[in-house]
1. Regarding segment 8-21, can at least one residue be identified that is within 20 Å of Ser134 (Cα to Cα) and of a type in the set (A, V, I, L, M)?
2. Within the set of pairs 6+ apart or on separate chains, which have a first residue in segment 158-185 that is more than 25 Å from Tyr115 (Cα to Cα) and at pLDDT below 80, a second that is assigned to a loop (DSSP other than H, G, I, E, B) and hydrophobic (A, V, I, L, M, F, W, C), and C-beta atoms under 7 Å apart?
3. Taking strands (runs of 3 or more DSSP E) that fall entirely within segment 1-71, which contain at least 3 residues that are open to solvent by less than 40 Å² (accessible area, probe 1.4 Å) and not small (Gly, Ala, Ser)?
4. Could you give every pair whose Cβ atoms fall below 9 Å, whose first residue belongs to segment 108-126 and is of a type in the set (A, V, I, L, M, F, W, C), and whose second residue is modelled with pLDDT under 90 and in a strand (DSSP E or B), counting only separations of at least 6 or pairs across chains?
5. Only one residue in Ser97, Ser119, Ser123 is out of contact with any strand residue (DSSP E or B) (no Cβ under 9 Å at 6 or more places or on another chain) and at negative phi, so which one is that?
6. Is segment 122-134 home to any residue that is surrounded by 22 or more Cβ atoms within 10 Å (Cβ to Cβ), out of contact with any Asp or Glu (no Cβ under 8 Å at 6 or more places or on another chain) and among the acidic types (Asp, Glu)?
7. Name the residues in segment 91-147 that are assigned to a strand (DSSP E or B), among the charged types (D, E, K, R) and farther than 13 Å from Phe166 by Cα, would you?
8. Taking segment 159-185, which residues are in contact with a Ser or Thr (Cβ under 9 Å, 6 or more places away or on another chain) and crowded, with 18+ Cβ neighbours inside 10 Å?
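The values are calculated or read from the model by the stated rules, or taken from the named source; none is laboratory data. Note that this is a predicted model, so its numbers are computed, not measured. Every residue, glycine among them, receives a Cβ derived from its backbone with ideal geometry; neighbour counts consider all protein chains shown. The accessibility values were calculated without ligands, DNA or RNA, using every heavy atom of the protein model including side chains. Shrake-Rupley method; radii C 1.70, N 1.55, O 1.52, S 1.80 Å.
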Amino acid sequence: AANSAGVIVEKSRVHDWTQAAGSTDLRGIWLASGATNATVRKNTINGIYNRANNWWVYAIESAVGAGSNLQCSNNMIYALESRAAGSSSNYVRGVYSSSSAASGEQYYYNSIYLYGVDSSTLSSTRSVGFEFTSTAPTNLTMKNNIVHNATQHVGESGIHAYAVYFPVATWPGTAVSNHNDWYAP
């Protein structure tokens, strides 16, 4: 959805999608510029697989930016993979806030379960329950979410499976996190 202020994406199911070749990032739900005040709730996104190295999988992406005011709640996300072997990065993101100017985003009662094996040899490869591009998102709220990330990364040593990922080492000061269950063994 782009340029659709107030859009509601509700009770949808995005599933069973495999990209074996080509140059395409896969997105279950994508909110682009102008999709302010959107509501994304009660959706199930599962079974999305990208088998081409350097192309990625996102269940829900908000690229709206300033004034986003996204309300994202009660979504079930599982069985996402971007796992092709190669020297480029693979990314799996359950929920991805991809604007450096994100503001007013609220995430409540979402459940994310990531698993599988990634064989990329690039150190930036990762799987993430929630990822935020902004180093200081404004008015970010995350409450009562569950993330279990059991993805195995066999092509590169180090930690590549995260529950929550910010591009800075500390939790942003304007973000609120309460009663979440983050698990990335």
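1. The initial filter retains those residues of segment 8-21 that are within 20 Å of Ser134 (Cα to Cα), namely none.
The answer is no; no qualifying residue exists.
2. Short answer, once both residue conditions are applied: Pro172/Ala136; Pro172/Leu140; Pro172/Phe166; Thr174/Ala136; Thr174/Leu140.
3. Working: elements: 8-10, 13-19, 26-31, 39-41, 44-50, 57-62.
So the answer is 26-31, 44-50, 57-62.
4. Every condition considered, the pairs that remain are Leu114/Glu81; Val117/Glu81; Val117/Gln152; Val117/His153; Leu122/Gly86.
5. Working: Ser97 fails: out of contact with any strand residue (DSSP E or B) (no Cβ under 9 Å at 6 or more places or on another chain); Ser119 fails: out of contact with any strand residue (DSSP E or B) (no Cβ under 9 Å at 6 or more places or on another chain).
The conditions single out Ser123.
6. Scanning segment 122-134, I find at least one residue that is surrounded by 22 or more Cβ atoms within 10 Å (Cβ to Cβ), out of contact with any Asp or Glu (no Cβ under 8 Å at 6 or more places or on another chain) and among the acidic types (Asp, Glu), so the answer is yes.
7. Listed by number, the residues that qualify are Asp118, Lys143.
8. So the first thing to find is which residues in segment 159-185 are in contact with a Ser or Thr (Cβ under 9 Å, 6 or more places away or on another chain), and the list is 160-162, 164, 166-168, 171-172, 174-178, 184.
Matches in segment 159-185: His160, Ala161, Tyr162, Val164, Phe166, Ala175, Ala184.
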